[in-house]
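A short write-up of the structure that comes next.
The values are calculated or read from the model by the stated rules, or taken from the named source; none is laboratory data. Please read all numbers here as calculations on a predicted model, not as lab measurements. Cβ atoms come from the backbone with ideal geometry, glycine included; neighbour counts cover every protein chain shown.
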Amino acid sequence: MYDFAKARYGSSIGNRSSWDSSKTFEENDKVVQWGYVPGNSFEEGVDLLPSLQQCPDPDRVLQALRRAHNILKKGSDFIVPEDWKAAYDLQPQKPFPER
């Protein structure tokens, strides 16, 4: 699951690279090529608190976003803990290349 999340988050980082935080969503939406994964990666310095006004614990959400970004970003030195690794292969039929 970690490998899937890391690959998926890479698309968000790519989206962020062409995003200009000083522009409106509409202006950015004309420039950004979303592809199959819409959304942006977390960026330190962008104030997300206005978007989290209705959240009961916005600091905890920001902490979780920072942690996920630090784990999933390119060049991360995160080592997957042993208990995160797959214990079972739940595929009913193993794909030919993996046999």
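Please determine, by comparing only the residues of segment 55-99 that are among the β-branched types (V, I, T) and outside any loop (DSSP other than H, G, I, E, B), which one is farthest from A7 (Cα to Cα). Steps first, please.
If we filter segment 55-99 for residues that are among the β-branched types (V, I, T), which is where we start, we get 61, 71, 79-80.
Cutting the leftovers down to outside any loop (DSSP other than H, G, I, E, B) gives us 61, 71.
Details: V61: 22, I71: 12 Å.
Filtering segment 55-99 for residues that are among the β-branched types (V, I, T) and outside any loop (DSSP other than H, G, I, E, B), the one farthest from A7 (Cα to Cα) comes out as V61.
Can you tell me which residue within segment 1-43, out of those that are polar (S, T, N, Q) and part of a helix (DSSP H, G or I), is farthest from I79 (Cα to Cα)?
Ranking the qualifying residues of segment 1-43, first place goes to N28.
For segment 22-58, what are the residues that are among the hydroxyl-bearing types (S, T, Y) and within 16 Å of H69 (Cα to Cα)? It would help to see each step written out before you state the result.
In the first step, residues of segment 22-58 are kept if they are among the hydroxyl-bearing types (S, T, Y); the result is 22, 24, 36, 41, 51.
Across segment 22-58, the qualifying residue is only S41.
Is it true that some residue in segment 76-89 is aliphatic (A, V, I, L, M), at negative phi and under 18 Å from the mean Cα position of the chain (by Cα)?
yes
With loosely packed, with under 10 Cβ neighbours inside 10 Å, of a type in the set (G, A, S) and modelled with pLDDT of 80 or more as the only criterion, which of G35, G45, G10, G39 stands out? Full working, then the answer.
Details: G35 fails: modelled with pLDDT of 80 or more; G10 fails: loosely packed, with under 10 Cβ neighbours inside 10 Å; G39 fails: loosely packed, with under 10 Cβ neighbours inside 10 Å.
Going through G35, G45, G10, G39 in turn, just one is loosely packed, with under 10 Cβ neighbours inside 10 Å, of a type in the set (G, A, S) and modelled with pLDDT of 80 or more: G45.
Looking only at segment 23-44, count every residue that is more than 17 Å from the chain's Cα centre (by Cα) and at positive phi and tell me the total. I'd like the intermediate steps shown before the answer.
Our first condition is that a residue be more than 17 Å from the chain's Cα centre (by Cα); within segment 23-44, this holds for 23-31.
Okay, now just the ones that are also at positive phi, so none.
Summing the residues that are more than 17 Å from the chain's Cα centre (by Cα) and at positive phi in segment 23-44 gives 0.
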